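The values are calculated or read from the model by the stated rules, or taken from the named source; none is laboratory data. Remember, it's a predicted structure, so these values are computed and weren't measured experimentally. In this analysis, Cβ positions are derived from the backbone assuming ideal geometry, glycine residues included, and neighbour counts consider all displayed protein chains. Heads up: the accessible areas ignore ligands, DNA and RNA and are worked out on the full protein's heavy atoms, side chains in. Shrake-Rupley method; radii C 1.70, N 1.55, O 1.52, S 1.80 Å.
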Amino acid sequence: MKNILTTIALSTALSAAVSTNAFAVEGLSANVAATSNYLWRGLEQTDGKAAVSGGIDYAADSGFYVGTWASTANWAEGMTYELDLYGGFSNAINDDLSYDVGFIYFAYPDETSGDADFSEIYGSLSYKALTVGVAVLTSGEGADAGDTIYANADYSIDLGNEADITLHIGSYSGDWLADDSIDYSVSLNKAGFTFGASATDLDGAAGDVKVFVAYSLDIDL
């Protein structure tokens, strides 16, 4: 816990220093966050313990974006963190409809086996409060492109007062990374805080409900 609190303090101090720089770059932003349990597609990435994360993104008016994001993670031997690199295009088609397509590389630089890294292409379509998406494996140690697919649907309910509830369901299937699974979650979001609960069915066996709390902060650079 001491290390986590120290990391949060350092991240906050660094973000403050960057945001008060003498110049700003249009389209450049950063984010920092902390969560009591880092869940990815319903699976714990820090053995049920707290995690801290942060990232930097650049988004152009054309819809092109690129970024990097890092978080504590320890689901494999020697692993202490995850580093993601991604880029893509996101735009609104009209007032109700928008899309997002891109590529992401998941890296685990200090994982001892050296075979945890993988990449995906992804796409999503949003209509008002509903978003449906799919991610397809493109590379991984011993894997072929298309070996795994993750499909998801998310629906946001506006509660007013800048608060909302998000309902999520995702389906993971394939021959690499993990067993086939279906994950469900519900989260309440307000002012950067998220209170949520998530459960995952692995190969038809229901898992325990995991409750988490998180806080995130976006920073314009």
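So here's what we get for this one:
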read-out: Failed criterion for Asp179 (all others in (1) under 19 Å from Ala153 (Cα atoms); (2) more than 17 Å from the chain's Cα centre (by Cα) hold); value: (1)
read-out: Test result for Phe23, among the aromatic types (Phe, Trp, Tyr) and modelled with pLDDT under 95; value: yes
read-out: Answer residue from the range 195-206, given it is surrounded by fewer than 16 Cβ atoms within 10 Å (Cβ to Cβ) and either modelled with pLDDT of 95 or more or not charged (D, E, K, R) (or both) and is nearest to Thr35 (Cα to Cα) among those; value: Phe195
read-out: Checking Tyr38 against (1) open to solvent by less than 30 Å² (accessible area, probe 1.4 Å); (2) at pLDDT below 95; (3) among the aromatic types (Phe, Trp, Tyr), the condition it does not meet; value: (2)
read-out: Residue match in the range 184-194 (condition: open to solvent by less than 40 Å² (accessible area, probe 1.4 Å), more than 26 Å from Gly87 (Cβ to Cβ), in contact (Cβ under 8 Å) with a residue 60 or more places away in the chain and hydroxyl-bearing (Ser, Thr, Tyr)); value: yes
read-out: Strands (runs of 3 or more DSSP E) wholly inside the range 133-221 that include at least 3 residues being among the small types (Gly, Ala, Ser); value: 148-160, 163-174, 181-190, 193-202
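Per-residue answers, yes or no, for (1) closer than 24 Å to Gly27 by Cα; (2) surrounded by fewer than 17 Cβ atoms within 10 Å (Cβ to Cβ); (3) in contact (Cβ under 8 Å) with a residue 12 or more places away in the chain:
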{"position": "Ile93", "(1), (2), (3)": "yes, yes, no"}
{"position": "Phe103", "(1), (2), (3)": "yes, yes, yes"}
{"position": "Asp115", "(1), (2), (3)": "no, yes, yes"}
{"position": "Gly123", "(1), (2), (3)": "yes, yes, yes"}
{"position": "Ser126", "(1), (2), (3)": "yes, no, yes"}
{"position": "Ile157", "(1), (2), (3)": "no, yes, yes"}
{"position": "Thr166", "(1), (2), (3)": "no, no, yes"}
